[in-house]
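Encoded as structure tokens, the structure appears first; notes follow it.
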Amino acid sequence: MEEISLCIMTRELCQELYRDWKNDPAIYMDMDKFEPYHYNEAVVDRYFDSRQSPSRVLFAIMKDSKPIGELQLKQIDRERKECTLSIHLQNDSVKGHGYGTAAEKLALKYAFDTLGMNAVNADTVIKNTRSQHVLEKIGFKYIEEKGDFKYYRFDR
Ligand SMILES: CC(C)(COP(=O)(O)OP(=O)(O)OC[C@H]1O[C@@H](n2cnc3c(N)ncnc32)[C@H](O)[C@@H]1OP(=O)(O)O)[C@@H](O)C(=O)NCCC(=O)NCCS
């Protein structure tokens, strides 16, 4: 889907993204930990700062020049040439339109072509069947279930 692109997250994009953010219950195995999201500019600033690291690339998923989600390639290990993908779209209005699938495909390309990785890992809580479906659809292999999580891997 060409209408989606990834761009490196900036502080401004991060603020714009989180102003209309909703936490998704699908990522909480323990619903006692789920809380509706409340936007706070200072908290988003701190979040953005905390995500700046040589072992992580934080992307904004862009559609029509607006951020509609974030995607991270994290735990980047340049010796073992592997990293871990995580993704969260902004709210329900942008889910279920193929954007997550498109963004994950672009992230794999970036991990292999730009970062020179040989493998990308991902994990989801067991109940998050939508995320599992998307990972499997684009070619991630299911590895194992451990604790509350299912683990996946895409080898180049
Ligand atoms: C998971 C997420 C990134 C997927 O992105 P998306 O744009 O909503 O998904 P897409 O529209 O690209 O694809 C959804 C696919 O899952 C399928 N699907 C939808 N609900 C499903 C469910 N409950 N169980 C299994 N498959 C499901 C759809 O049919 C579609 O598959 P298809 O293309 O084969 O028809 C997005 O929904 C999201 O951000 N969710 C909240 C955070 C999250 O779960 N992040 C992942 C943490 S590991």
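Using θ = phi - 60° in the Karplus curve 6.51 cos²θ - 1.76 cosθ + 1.60, the 3J(HN,Hα) couplings for the range 27-34 round to 9, 10, 6, 9, 5, 5, 8, 6 Hz; x is entered for Gly and Pro. Note that the chain, at 10 °C in a medium of 1.306 mPa s, gets a Stokes-Einstein diffusion coefficient of 99 µm²/s from its Kirkwood radius over C-alpha pairs.
Computed from the coordinates by the stated procedures, all read-outs in this text should not be read as laboratory data. Given the structure is predicted, the values throughout are model-derived calculations rather than measurements.
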